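J.: Before anything else, here's the structure in question.
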Amino acid sequence: MPDYLETRYARDPSIIYREIAGEVLLVPIRSKAADLDSIYTLNEVGAFIWALLDGRRTVGEIQSAVAAEYDTSAEQAAADVAEFLSQLEAIGAVKAA
């Protein structure tokens with residue numbers, strides 16, 4: 001089993017990311033029309049992590065970037081990134097690359 005910290009995640013192309021009126025939104029486009037019940041709002045940290053999910057960066061690299069950007073402990077950054085990735089996987093917004 002590969003080391004979790006070496007896992008790379010990529011955004012699902014059926015999820016559109018938009019910043020509208022200062023809010024960061026994820027909008028699934030899996031059907032002909034967007035389902036308004038499935039629009040997700042990201043906080044600042046979530047938007048930062050989303051931008052890093054390019055399929056090239058590892059989870060470990062993302063955790064380090066979060067810790068540096070938000071001046072938090074490595075442990076807190078690891079917990080936050082893991083929780084966010086879990087939520088993104090649950091809605092089908094990312095997949096391991």
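The values are calculated or read from the model by the stated rules, or taken from the named source; none is laboratory data. Remember, predicted model here, so these are calculated numbers, not experimental data. Ideal geometry is used to build each Cβ from the backbone, glycine not excepted, and the neighbour counts take in all protein chains shown.
J.: Got at least one residue in the stretch 3-19 being closer than 24 Å to V66 by Cβ and at pLDDT below 90?
T.: no
J.: Inspect the stretch 25-43 for any residue being modelled with pLDDT of 90 or more and charged (D, E, K, R) and give the result as yes or no.
T.: no
J.: Another one. Only one residue in A67, A96, A90, A79 is surrounded by fewer than 17 Cβ atoms within 10 Å (Cβ to Cβ), free of Cβ contacts under 8 Å to residues at least 12 places away in the same chain and either in contact with a helix residue (DSSP H, G or I) (Cβ under 6 Å, 6 or more places away or on another chain) or more than 19 Å from I16 (Cβ to Cβ) (or both), so which one is that?
T.: None of the other options fit; the residue is A79.
J.: Looking at the stretch 50-64, which of its residues are small (G, A, S), in contact (Cβ under 8 Å) with a residue 40 or more places away in the chain and surrounded by 15 or more Cβ atoms within 10 Å (Cβ to Cβ)?
T.: G60
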